[in-house]
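Structure, as structure tokens:
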Amino acid sequence: METRITRLFGIDHPVICSGMSHIAVPELVAAVSEAGGMGILATAPLTPESTRESIRRVRAITSRPFGINITMLTAFAAGNVRVALEERVPVVNLSLGRSKEITDAVHAYGGKIVSTVTTEKHARAAQAAGADALIVTGHEAAGHGGAATSLTLVPAVRDAVALPIIAAGGFADGRGLVAALALGADAIAMGTRFALSLESPLHAHAKDTAISRSVTDTLYSPNFDGIPCRVMDTRAARKRARRAISFIEAVPSALASAAQLGMSLPQILRMAFARPANLVQQVQIGALTKSTLLSIRKGDMERGILPIGQVQGLIDEVLSASAIIQRTLDEAEEIQNRMVSA
Ligand SMILES: Cc1cc2nc3c(=O)[nH]c(=O)nc-3n(C[C@H](O)[C@H](O)[C@H](O)COP(=O)(O)O)c2cc1C
């Protein structure tokens, strides 16, 4: 299926794997790109050194185009941007912020900039800053989806800007792909669907739990990390949604998760003070990381907190990344044929 997005990135299918912390690792990213879609490497929890290693690992597995997500609010964002530029990553996806300087630097080596947005206002600003495409993330999404649902946000952004759109939030199959195209998108990005794939490093028990849950079994609250965020409805998530963790309570958990991610003390201090204005939020994110690692690495769905989308309720099987893409395309074709002949 050819669209403006497949032509822009030089890929076969309009199906993208979202940048997901601890999940969109080189093996999953490369599997999606190798299958003709495009994987986006998550770098939010990575030091610049690990980001470089991860980029090279993707390239060791596939020669196909891939992307890198830089969450601009995180402490290592500037370092990770520098590495992405040095390594000339084909597609740079900026979320929670944008920059004309980064955009110009990426364009200078022929790369593409994709901005993640959740409002029409941010979509216009990203277009003005020179973005080549947008990821438009609706309310249904795992993590930081917007206030409006994909059903209303995608057409609203379509009307607001001329850029190619990748719709995200609530997409898991061919029905979603056809719906997104009908709403004015040029591709879909799937997070939850690829998190529940064979190549995803998510713990098997967490995958099985997500598959057993319904579209209503998620919670959306600003209390998880300071920005409205959607996670699976678990005991620990309910507790945190009721009351945000205080700064003092969060510090030990943030330090523990940084150590768990293999960061040295100087790296932790550099991270904490890289953006002093964001110190409180950095610590909140660090504390949440301790809970997300419990679910992702240990499969502890009692004490763990797992970002997951409402679309978990539409997924009933763990499949390989290539089977997910093939099934999505086959279903989309079948639906389009049925609609034409109806
Ligand atoms: C386990 C998990 C971790 C995620 N981590 C991040 C992240 O670090 N940064 C980010 O911008 N989005 C993150 N997301 C959100 C995805 O990038 C994407 O926006 C979302 O999954 C799309 O909605 P869907 O889950 O309905 O497909 C994460 C999603 C999941 C499932």
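The values are calculated or read from the model by the stated rules, or taken from the named source; none is laboratory data. Remember, predicted model here, so these are calculated numbers, not experimental data. Every residue, glycine as well, gets a Cβ built from its backbone with ideal geometry; the counts of neighbours run over all protein chains shown. Remember, those area values only see protein heavy atoms, side chains included, never the ligands or the DNA or RNA. Shrake-Rupley method; radii C 1.70, N 1.55, O 1.52, S 1.80 Å.
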- Query: Condition test on Lys121, is it at pLDDT below 95 and either more than 16 Å from the ligand (Cβ to nearest atom) or of a type outside the set (S, T, N, Q) (or both)?
  - Reply: no
- Selected residue (only one of Val215, Val157 is within 15 Å of the ligand (Cβ to nearest atom), over 29 Å from Gly304 (Cβ atoms), touching a residue at least 24 places away in the same chain (Cβ under 8 Å) and not aromatic (Phe, Trp, Tyr)): Val157
- Within region 21-30, which residues are within 11 Å of the chain's Cα centre (by Cα) and open to solvent by less than 30 Å² (accessible area, probe 1.4 Å)? Ile23, Ala24
- Looking across region 116-126 at residues that are free of Cβ contacts under 8 Å to residues at least 40 places away in the same chain and among the aliphatic types (A, V, I, L, M), the single one that is least open to solvent (accessible area, probe 1.4 Å) is Ala126
- Is one or more of the residues making up region 35-58 at negative phi, open to solvent by 40 Å² or more (accessible area, probe 1.4 Å) and of a type in the set (A, V, I, L, M, F, W, C)? no
- Quick check, is Arg98 in the same structural domain as Met38 (by TED's automatic domain parsing), more than 16 Å from the ligand (Cβ to nearest atom) and in contact with a helix residue (DSSP H, G or I) (Cβ under 8 Å, 6 or more places away or on another chain)? no
- Message: Within region 127-209, considering only strands (runs of 3 or more DSSP E) that don't extend past its boundaries, which have at least 3 residues that are within 16 Å of Ile23 (Cα to Cα) and open to solvent by 20 Å² or more (accessible area, probe 1.4 Å)?
- Response: none
- Task: Take region 100-115 and flag every residue that is more than 12 Å from Val161 (Cβ to Cβ), of a type outside the set (Phe, Trp, Tyr) and without any contact (Cβ under 8 Å) to a residue 40 or more places away in the chain.
- Result: Lys100, Glu101, Ile102, Thr103, Asp104, Ala105, Val106, His107, Ala108, Gly110, Gly111, Ile113
- Task: Would you check which residues across region 188-212 are hydroxyl-bearing (Ser, Thr, Tyr) and touching a residue at least 12 places away in the same chain (Cβ under 8 Å) and list them?
- Result: Thr192, Ser197, Ser200, Thr209
- Task: Would you tally the residues in region 70-84 being crowded, with 21+ Cβ neighbours inside 10 Å, in a loop (DSSP other than H, G, I, E, B) and out of contact with any Ser or Thr (no Cβ under 7 Å at 6 or more places or on another chain)?
- Result: 2
- Item | Qualifying positions in region 310-324 - in a helix (DSSP H, G or I) and surrounded by fewer than 24 Cβ atoms within 10 Å (Cβ to Cβ) | Gly313, Leu314, Ser322, Ala323
- Any idea which of Gly145, Gly226, Gly184 is touching a residue at least 12 places away in the same chain (Cβ under 8 Å) and either among the charged types (D, E, K, R) or near the ligand (Cβ under 10 Å from one of its atoms) (or both)? Gly145
- Message: Which residue is farthest from Ile11 (Cα to Cα), if the candidates are limited to region 286-309 and must be within 12 Å of the ligand (Cβ to nearest atom) and part of a loop (DSSP other than H, G, I, E, B)?
- Response: Gly304
- Note on the structure: Condition set open to solvent by less than 40 Å² (accessible area, probe 1.4 Å) and in contact with an Asp or Glu (Cβ under 9 Å, 6 or more places away or on another chain), scope region 326-342, selection farthest from Arg193 (Cα to Cα): answer is Ala332
- Message: I'm trying to understand the selection: among the residues of region 210-221, which are open to solvent by less than 20 Å² (accessible area, probe 1.4 Å) and either closer than 23 Å to Ser33 by Cα or in a strand (DSSP E or B) (or both)?
- Response: Thr218, Ser221
